[in-house]
Amino acid sequence: MTGRLARCLAGLLLGMALASPAAAFTVFACEPEWAALTRTLLPQARVHVATHAGQDPHHIEARPALIAQLRSADLAICTGAALEAGWLPVLQQRAANAKTREVFFAADQVELIDPQPGAIGSPWAGDVHAEGNPHLHTDPAKLLEVANALAERLQQALPAEKAAIEQRRQAFERDWKARMAQWAQRAAPLKGQRVAAQHSTFGYLWRWLGITQVADLEPRPGMAPTPGHLQRLLEGLRATPPMAVVVASYQDNRPGRWLTTQLSASTSGRPGVAVPLLELPATVGENAAAPELMRWMDELLDTLLKARTR
Ligand SMILES: [Zn+2]
């Protein structure tokens with residue numbers, strides 16, 4: 001093949017790729033886990049991710065860059081259940097994009113845990129998760145439910161890609177279910193364990209693993225830990241020490257560190273007890289797809305199992 005012909009062919013192929021609606025399809029994902037599912041189901045899509053693992057997804061600034069990303073999107077996928085209530089509506093209003101007026105909310109695809117209807121109308125309503133705990137991606141079974149619903153939504157948007165998306169959905173389901181069986185088996189020693197944690201970030205994971213969160217470092221959901229509240233928790237945790245104190249890696253770890261330091265100190269002649277402070281990543285990296293989701297879950301279990309065998 002002559003060089004000119006090869007260049008010509010390459011140009012033609014590139015043109016075809018650019019002309020493909022799937023390649024031009026742009027997705028705005030509020031959190032990295034939904035970006036990862038999107039890349040798994042539609043690898044050729046352009047994906048913008050609004051937040052990263054080091055950020056608190058409850059509190060994000062509606063920056064101009066995010067507005068521009070939402071403006072260019074064909075589909076927005078977010079957690080919902082009011083997790084993004086403090087910033088997504090502002091982005092939607094400023095982006096004025098008819099295609100993302102309706103958002104694909106993961107929380108609408110699954111049954112949520114711990115609704116707190118009494119909180120509706122209170123000044124804390126946005127933070128206390130009145131509709132239920134929105135951090136559902138830490139339950140592998142619910143993550144799979146969202147993947148299935150997202151596949152359907154993408155197929156509606158791109159009918160020409162229907163078969164390819166279905167193929168990738170099936171492959172993901174097969175691999176994810178195989179991993180879920182491994183995780184369940186490996187995590188068996190965690191069943192019945194107790195943890196203290198900051199916020200309900202891993203509430204779904206605890207439920208899936210059979211772990212009980214016996215204390216929340218937040219005095220009320222969404223409110224930063226206070227010295228008085230931590231002092232009160234300390235008494236109870238000293239009496240029956242938890243397996244670990246857990247914070248998400250985006251959270252300030254000082255309250256958790258204070259608690260574990262206090263627990264390890266002897267008091268009134270009683271020896272202290274060593275309770276590890278675990279800082280768990282609340283999600284995957286910004287460029288993640290299915291393998292990173294699996295590694296993230298592996299990492300969560302590894303860290304918890306290590307704390308269990310101490
Ligand atoms: Zn939350």
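Determine, for Y250, Y204, the number of other Cβ atoms within 10 Å of each Cβ, and report the residues in order from fewest to most.
Working: Y250 18, Y204 24.
Fewest to most other Cβ atoms nearby, the residues stand as Y250, Y204.
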Inset, instruction - Quickly work out the A163-to-S20 label distance, labels modelled 7 Å from Cα along the C-beta direction, and quote it in nm with one decimal. - result: 1.4
Legend entry - Charge tally in the Cβ shell below 12 Å around A151, where Lys, Arg are +1 and Asp, Glu are -1, A151 excluded: -1
Inset, instruction - Tell me the label-point distance for the pair E299, K177, using the 7 Å Cα-to-Cβ offset, in nm and rounded to one decimal. - result: 2.8
Legend entry - region 292-307-region 130-166 distance, computed between alpha-carbon centres (Å): 23
Legend entry - Likely footprinting exposure, H59, H48, fewest C-beta neighbours within 10 Å first: H59, H48
Inset, instruction - Give the total of Lys-Lys pairs in the chain with Cα-Cα distances below 29 Å; include a pair only if its members are 8 or more places apart or on different chains. - result: 10
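We did not get these values from a lab; they are worked out from the coordinates using the rules stated. Keep in mind the model is a prediction, meaning the values are calculated, not measured. So basically every Cβ, Gly included, is an ideal-geometry build from the backbone, and we count neighbours across all protein chains shown.
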